[in-house]
Every structure is written in C-alpha cells, then in structure tokens.
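S.K.: Sharing a structure here in structure tokens format.
The values are calculated or read from the model by the stated rules, or taken from the named source; none is laboratory data. Quick caveat: nothing in here was measured; it's all calculated off a predicted structure. Positions of Cβ are backbone-derived with ideal geometry, glycine not excepted, and every protein chain shown enters the neighbour counts. Just the protein is used for accessible areas: all its heavy atoms, side chains included, with ligands, DNA and RNA removed. Shrake-Rupley method; radii C 1.70, N 1.55, O 1.52, S 1.80 Å.
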Amino acid sequence: MESSPSELREWQALEEWRRSFASRTIASLFKVDASRPQRWSYSAASIHVDISRNWIDENTFGALLTLARARDLEKVRDALLNGEAVNTTEHRPAWHTALRTPPKDPSVARSLEEEQRLFLGFAEALRSGRIQGSTGAPIDTVVCIGIGGSDLGPRLATEALGAPTGPVRVRFVSNIDPVELRTALEDARPEATLLIAISKSFTTLETLENFRVARNWLKAHAQPLDAAHHLAAVTAHPDRAEKMGVHPKRIFVFPEWVGGRYSLWSACGLPIAIAHGHEAFLQLCAGAAEMDAHFAQAPLETNLPVILGLLGVWYVNFWNNRSRAVFPYAQRLRILPAYLQQLEMESLGKRVDVDGRPIGIDTGPVVWGEVGTTAQHSVFQFMHQGTHWSPADFVVIAEHAQSNERRNRLLHASALAQADAMAWGDSVLGAERSTAAHAIAPGGRPSNIISLAQLDARSIGALLALYEQRTFVQSVIWNVNAFDQWGVEVGKKLLQQRLDREPF
Ligand code: F6P
C-alpha cells in the first residue's frame, strides 16, 4: 500500500512554498520578471498555453514536478497508455487513447479499425443518401438518444465543428424530461428520421425510456414503417440493443474498456461523422493523438497536461480552493463547461484512494463555467470581487485576434482583459481607478490562457485530449481511480428500489 500523498516530504515542501507567497502578489511576480508570459508559455499540438498569471515561480514549479516524480507519474502514465488495467475497481484498462493511436497489439488494432470502418461507412452512406427510410425517403434527421458520456462528448464535438456539412441534421436528446425529445421530434418526419440510441451499457433508464417513446412515435406514423430502417444503436452490449428491435447491421460496437466520458472517439462519435463527415472525425482523433504523443514523450517540465494538472493540485490542496472555472470564448464551445463537469467531477470526485482508504486530502474541485463573453455579464462579479475565488481557464481561438470580423477580435480581447483583471485587479486602471471600497477589485486571482490555433477538428481533438490527460495527472497525484463512478450507482439503485415499490 502506498502512503498518502500528504505524508510525502515533497508535499510538505509545497506547503512551505505556499507560505512564501503570503507577502507577494501576482503583480509583484510580474514586476520581478517582466518576461513571465514568455517564460511560462508552452505549446503542443496546435495549442498554446500561457500560465504566467498563476501563483507560480521557479521554486514552486520545481517542487510540483518533484511531487509528480515522487508519485511515479511517468510510470503510471505509461501504464495508462499501454492499456494496463488502471481502472482498478473494474479491473480493466481505460484505453481510449488506443482509439486515436493504433495500439501495438495487431489484433486489438485490427478490431478497433474494423469497428471504426463500420460506423464511419454508415455515416457516409447516410450523408450520401444511400441509406433511406423504409418508404424510400432519404433520411434527413438523425435523433441521437444518450446521456452523460454517451451524449456530452458527441454533442460538444458536433456543435464545436459548426454547421453540418451534409444533408442530415443531427439532434441530441438526453433528459428524461419529455420536453427534450418532443422538441427534437417536433418537425421531424418519421419516414425520414433515424433514431440512434447511444449507450455503452444499454441499461441506462433515461436512454432506454426515451428510445422506447421515440420508437412508438415511429410506429404511430400513418404509413407503416419498418423499424429496422429507422433504428440504430451504439453500445458495448449489442445483444441488448438487438432485443430492443435494432437490426444487428445497425449496431455499432466499442470495447468495454472505453469509459463513457472518454467515448466520443469510439463509435459513440457516429453523430460527429454524420454531421461533419468521416474526415472531420479522423482529424479530431488525429489532434487528440498529437496531444497523447506529447503527453507520452515531452519532459514533465514542458508537458501541458502535466503542468495544468499540477496547477490543479496546487490550488486545491495548497490554496484550499475547491472550484475551477472554465470560460470558452467561442459560442461553438458553449457546452465545454458541461462536458468538463462530467469529465472531471465523475473522474476526480472521489473520497477513497486506489486502495480503498479515505484520502484525507481534498480531491476533485467543482468545475463550472459559461461561454464568454456572455459570462462577463453574469458570473464575473464573483470572479473579481467574491470573498473566495476560482482559478479559471480562458479558452480562446488565436486566429480571432487577427480576424476580419471585428466581433471576433472583440471576443479575443475580452478574454485577455478579464484574465488581466483577475490577475492585477483594478490596480492597473490608472486614472480611471476608484478608491471607493465597493469598486476595488483585489486581483491575485490566477488563470490560464488556453489558445487554440483555430477552431477546427484537429485543435478541438487536441483540446479535449489535453483535458482528459490533465484530469488523469491529478488522479495520479491524489492516488484515486479516475475511471470509475460508483457514486452514480447509489442514486440509480435507489430509483430502481422506488420503481419496484410503486410501479409506474
Ligand atoms: O451513470 C453515469 C454514467 O454511467 C456515465 O458514466 C455514463 O457516461 C452515462 O451514465 C451513460 O451510460 P451509458 O452509456 O451506459 O448509457
């Protein structure tokens, strides 16, 4: 059994370094070293990250890296990337990286390639109109029914890539609230609609219930429709999908070792390929693969997921900070905060370590956020003057800074202005500064600028892989399993007990 991270002397050293910041400000760090933005910037896979507005100096950075080494980060990272059973409570790998970089084992590589060939082929057949409804009408609407990882990743990537490039519109339904499915089907014609149930387990209540209701909507159509032409499924349990009336040729599978919140790279990405084509999907995977290669090979000192993960630990455990905000400055990344909430809070919201012992230190923070600039007129009051604070990620698109469209330039400049205000507060306002107590913004609030070269499939893939690996890094430092979610089961079981007591 490993000792608790907090018992390590490297941990105690960091507590000392934390105290060394008591008499300093972020502004004073810049005064000492005006070249901070250059010193504290890193690039990989079309992503540039500036961490200069953090409470960080050479000593702390060195101490954080020493902690990472003491936690054997490189060894555990290799175990993850080599497909070892890092998901210890479920005794299996968490090998989503194999979906974007073919693994060495030829039989695994072949079977993944075949699974991908099948769902990408189906997407292209739909886009070309070769797949029709049972009356011969081309499919023009696809309604994807899934929840959690079977919804958020595919939904985010589909939205992030912009307007669909094919003739098929893709909609997503996750909530059991009837309104969402009703809205998705409102102007859909059953004879031209395909319903895709996306569920790894094919036991999830919301998904099965919505899929049943949607199937009945098909049946209620005046003209009898052959359901086999209007249903498809993505799952790790094809037998269960077949039992619900999905034709075996329309069931796309992925391995059990792909976790739900890490599954958009598998057949769960079918909606992405339907909306944007197989090339866009492959580019998304290529961007993620680039980030994985960087994570695997770059020294810890320049390794983006490692650096961001360590900053996460720094604020949670040494600054007593229990939340982190994310502000994507791109409307197409609107649901990034919701996606990250699942990725990080399901992965890191853990109270026992990998040996089942209470951890005794704080783990995953609350992750929250909103799209910029909308967020500036809602939550930024808290960001600048609240009594406690959230470190923030500003996700920006570099090419917006040079855009011909003035509003894109404004969008980009707004993110930087907010990050500056968080770091320096009102002290840099000069003549416009007010001395009234209620107008003072103290600054000293850290943030990262995460800059994508452009908002394309490759950069989006790299960004999502960056967040996945950063989450993993934190789990290694805290010694928790990032790949299970037993807490969710409690609520599921209680609902089932209620349903058994009072049948609906
Ligand atoms: O209950 C939580 C959860 O298991 C998530 O981890 C998962 O992404 C979601 O439900 C959906 O599960 P499934 O894909 O099996 O329907």
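S.K.: For region 50-78: of the residues being β-branched (Val, Ile, Thr) and surrounded by fewer than 21 Cβ atoms within 10 Å (Cβ to Cβ), which is nearest to residue 5 (Cα to Cα)? Let's see the steps before the verdict.
M.R.: Start the filter on region 50-78 by keeping residues that are β-branched (Val, Ile, Thr), which leaves 51, 56, 60, 66, 76.
Those left that are additionally surrounded by fewer than 21 Cβ atoms within 10 Å (Cβ to Cβ): 66, 76.
On the way: 66: 12, 76: 15 Å.
Applying the filter and picking the extreme gives 66.
S.K.: Kindly list the number of the only condition in (1) in contact (Cβ under 8 Å) with a residue 12 or more places away in the chain; (2) closer than 28 Å to residue 340 by Cβ that fails for residue 179.
M.R.: (1)
S.K.: For residue 157, which of the numbered conditions (1) outside any loop (DSSP other than H, G, I, E, B); (2) surrounded by fewer than 20 Cβ atoms within 10 Å (Cβ to Cβ); (3) out of contact with any strand residue (DSSP E or B) (no Cβ under 6 Å at 6 or more places or on another chain) fails to hold?
M.R.: (2)
S.K.: When you scan region 429-442, do you find a residue that is outside any helix (DSSP H, G or I) and at pLDDT 95 or above, even just one? Quick ask: steps written out before the conclusion?
M.R.: Going through region 429-442, the residues outside any helix (DSSP H, G or I) turn out to be 433-436, 440-442.
The next check asks that each one be at pLDDT 95 or above; those that pass are none.
Looking through region 429-442, none of the residues is outside any helix (DSSP H, G or I) and at pLDDT 95 or above.
S.K.: Give the residue that is nearest to residue 155 (Cα to Cα), with candidates limited to residues of region 185-204 that are within 16 Å of the ligand (Cβ to nearest atom) and either open to solvent by 10 Å² or more (accessible area, probe 1.4 Å) or in a loop (DSSP other than H, G, I, E, B) (or both). I'd like the intermediate steps shown before the answer.
M.R.: Here is the first cut: in region 185-204, the residues within 16 Å of the ligand (Cβ to nearest atom) are 195-204.
Checking the rest, the ones that are also either open to solvent by 10 Å² or more (accessible area, probe 1.4 Å) or in a loop (DSSP other than H, G, I, E, B) (or both) come to 199-204.
On the way: 199: 14, 200: 16, 201: 19, 202: 19, 203: 20, 204: 18 Å.
Per the criteria, the residue is 199.
S.K.: Inside region 210-240, can you point out the residues that are in contact with a Leu (Cβ under 7 Å, 6 or more places away or on another chain), over 18 Å from residue 270 (Cα atoms) and in a loop (DSSP other than H, G, I, E, B)?
M.R.: 225
S.K.: Could you identify the single residue in 85, 94, 79, 137 that is at pLDDT 95 or above and out of contact with any strand residue (DSSP E or B) (no Cβ under 6 Å at 6 or more places or on another chain)? If you could, list the steps in order and put the result at the bottom.
M.R.: Details: 85 fails: out of contact with any strand residue (DSSP E or B) (no Cβ under 6 Å at 6 or more places or on another chain); 94 fails: out of contact with any strand residue (DSSP E or B) (no Cβ under 6 Å at 6 or more places or on another chain); 137 fails: at pLDDT 95 or above.
Exactly one residue qualifies, and that residue is 79.
S.K.: Next up: Among the residues of region 389-410, are any part of a helix (DSSP H, G or I) and closer than 23 Å to residue 31 by Cβ?
M.R.: First, the residues of region 389-410 that are part of a helix (DSSP H, G or I): 398-402, 406-410.
Of the ones still in play, those that are also closer than 23 Å to residue 31 by Cβ are none.
No, every residue in region 389-410 fails to be part of a helix (DSSP H, G or I) and closer than 23 Å to residue 31 by Cβ.
S.K.: What's the total number of residues in region 473-498 that are more than 16 Å from the ligand (Cβ to nearest atom), out of contact with any Lys or Arg (no Cβ under 6 Å at 6 or more places or on another chain) and open to solvent by less than 90 Å² (accessible area, probe 1.4 Å)?
M.R.: 4
S.K.: Output the number of residues of region 14-36 satisfying the condition of being surrounded by 18 or more Cβ atoms within 10 Å (Cβ to Cβ) and either over 19 Å from residue 315 (Cβ atoms) or among the hydrophobic types (A, V, I, L, M, F, W, C) (or both).
M.R.: 5
S.K.: Something else: For residues that are buried (at least 16 other Cβ atoms within 10 Å of the Cβ) and in contact with a helix residue (DSSP H, G or I) (Cβ under 7 Å, 6 or more places away or on another chain), tally how many sit in region 79-107.
M.R.: Of the residues in region 79-107, 12 are buried (at least 16 other Cβ atoms within 10 Å of the Cβ) and in contact with a helix residue (DSSP H, G or I) (Cβ under 7 Å, 6 or more places away or on another chain).
S.K.: One residue is enough: does region 246-264 have a residue meeting the conditions away from the ligand (no atom under 16 Å from the Cβ), open to solvent by 10 Å² or more (accessible area, probe 1.4 Å) and either in contact with a Pro (Cβ under 8 Å, 6 or more places away or on another chain) or farther than 21 Å from residue 201 by Cα (or both)? Write out each step before concluding.
M.R.: Quick first cut of region 246-264, residues away from the ligand (no atom under 16 Å from the Cβ) only: 247-250.
Retained after the next criterion (residues that are open to solvent by 10 Å² or more (accessible area, probe 1.4 Å)): 247-250.
Within this subset, residues satisfying the condition of being either in contact with a Pro (Cβ under 8 Å, 6 or more places away or on another chain) or farther than 21 Å from residue 201 by Cα (or both) are 248.
Checked region 246-264: at least one residue is away from the ligand (no atom under 16 Å from the Cβ), open to solvent by 10 Å² or more (accessible area, probe 1.4 Å) and either in contact with a Pro (Cβ under 8 Å, 6 or more places away or on another chain) or farther than 21 Å from residue 201 by Cα (or both).
S.K.: Hey, another quick one. Quick one: what pairs do we get from region 197-211, first residue among the basic types (Lys, Arg), second near the ligand (Cβ under 7 Å from one of its atoms), C-beta under 6 Å, 6+ apart or different chains?
M.R.: Here the result reads 200/260, each pair linking region 197-211 to a residue that is near the ligand (Cβ under 7 Å from one of its atoms).
S.K.: Then there is this: Mind checking which residues of region 108-128 are open to solvent by less than 20 Å² (accessible area, probe 1.4 Å), more than 18 Å from residue 285 (Cα to Cα) and either touching a strand residue (DSSP E or B) at 6+ places or on another chain (Cβ under 6 Å) or without any contact (Cβ under 8 Å) to a residue 24 or more places away in the chain (or both)?
M.R.: 125
S.K.: Could you identify the single residue in 274, 198 that is closer than 30 Å to residue 498 by Cα and under 24 Å from the mean Cα position of the chain (by Cα)? Give the steps one after another, and end with the answer.
M.R.: Numbers: 274 fails: closer than 30 Å to residue 498 by Cα.
On inspection, the qualifying residue turns out to be 198.
S.K.: Residue 207 versus (1) at pLDDT 95 or above; (2) under 30 Å from residue 455 (Cα atoms): which is the lone unmet condition?
M.R.: Checking residue 207 against (1) at pLDDT 95 or above; (2) under 30 Å from residue 455 (Cα atoms), the one that fails is (2).
S.K.: In region 299-313, how many are crowded, with 24+ Cβ neighbours inside 10 Å and outside any helix (DSSP H, G or I)?
M.R.: Final tally of qualifying residues: 1.
S.K.: Working carefully through the options 431, 419, find the one that is over 18 Å from residue 470 (Cα atoms), open to solvent by 60 Å² or more (accessible area, probe 1.4 Å) and small (Gly, Ala, Ser). Working first, answer last.
M.R.: Details: 419 fails: open to solvent by 60 Å² or more (accessible area, probe 1.4 Å).
Sole residue among the options that is over 18 Å from residue 470 (Cα atoms), open to solvent by 60 Å² or more (accessible area, probe 1.4 Å) and small (Gly, Ala, Ser): 431.
S.K.: Which condition breaks for residue 207 when tested against (1) open to solvent by 30 Å² or more (accessible area, probe 1.4 Å); (2) of a type outside the set (A, V, I, L, M, F, W, C); (3) within 16 Å of the ligand (Cβ to nearest atom)?
M.R.: (1)
S.K.: Are any of the residues in region 457-466 part of a helix (DSSP H, G or I), within 16 Å of the ligand (Cβ to nearest atom) and either crowded, with 20+ Cβ neighbours inside 10 Å or modelled with pLDDT under 95 (or both)?
M.R.: The initial filter retains those residues of region 457-466 that are part of a helix (DSSP H, G or I), namely 457-466.
Next cut, within 16 Å of the ligand (Cβ to nearest atom) only: 464.
This time we only want the ones that are either crowded, with 20+ Cβ neighbours inside 10 Å or modelled with pLDDT under 95 (or both), so: 464.
Within region 457-466, one or more residues are part of a helix (DSSP H, G or I), within 16 Å of the ligand (Cβ to nearest atom) and either crowded, with 20+ Cβ neighbours inside 10 Å or modelled with pLDDT under 95 (or both).
S.K.: Moving to a separate point now. Cβ contacts < 6 Å: first residue within 16 Å of residue 68 (Cβ to Cβ), restricted to region 13-25; second residue open to solvent by less than 70 Å² (accessible area, probe 1.4 Å) and not aromatic (Phe, Trp, Tyr), any location; separation 6+ or different chain. Result?
M.R.: Partner pairs satisfying both residue conditions: 13/63; 14/63; 17/60; 17/63.
S.K.: May I ask you to list the residues in region 125-176 that are at positive phi, in contact with a Lys or Arg (Cβ under 9 Å, 6 or more places away or on another chain) and away from the ligand (no atom under 16 Å from the Cβ)?
M.R.: Selection gives 162 alone.
S.K.: Could you give every pair whose Cβ atoms fall below 9 Å, whose first residue belongs to region 241-258 and is of a type in the set (Asp, Glu), and whose second residue is surrounded by fewer than 22 Cβ atoms within 10 Å (Cβ to Cβ), counting only separations of at least 6 or pairs across chains?
M.R.: 242/248; 256/90; 256/92; 256/236; 256/237
Conditions tested, residue by residue: (1) touching a residue at least 40 places away in the same chain (Cβ under 8 Å); (2) over 30 Å from residue 481 (Cα atoms); (3) open to solvent by 70 Å² or more (accessible area, probe 1.4 Å); (4) basic (Lys, Arg).
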site: 338; (1), (2), (3), (4): yes, no, no, no
site: 376; (1), (2), (3), (4): yes, yes, no, no
site: 387; (1), (2), (3), (4): no, yes, yes, no
site: 399; (1), (2), (3), (4): yes, yes, yes, no
site: 408; (1), (2), (3), (4): no, yes, no, no
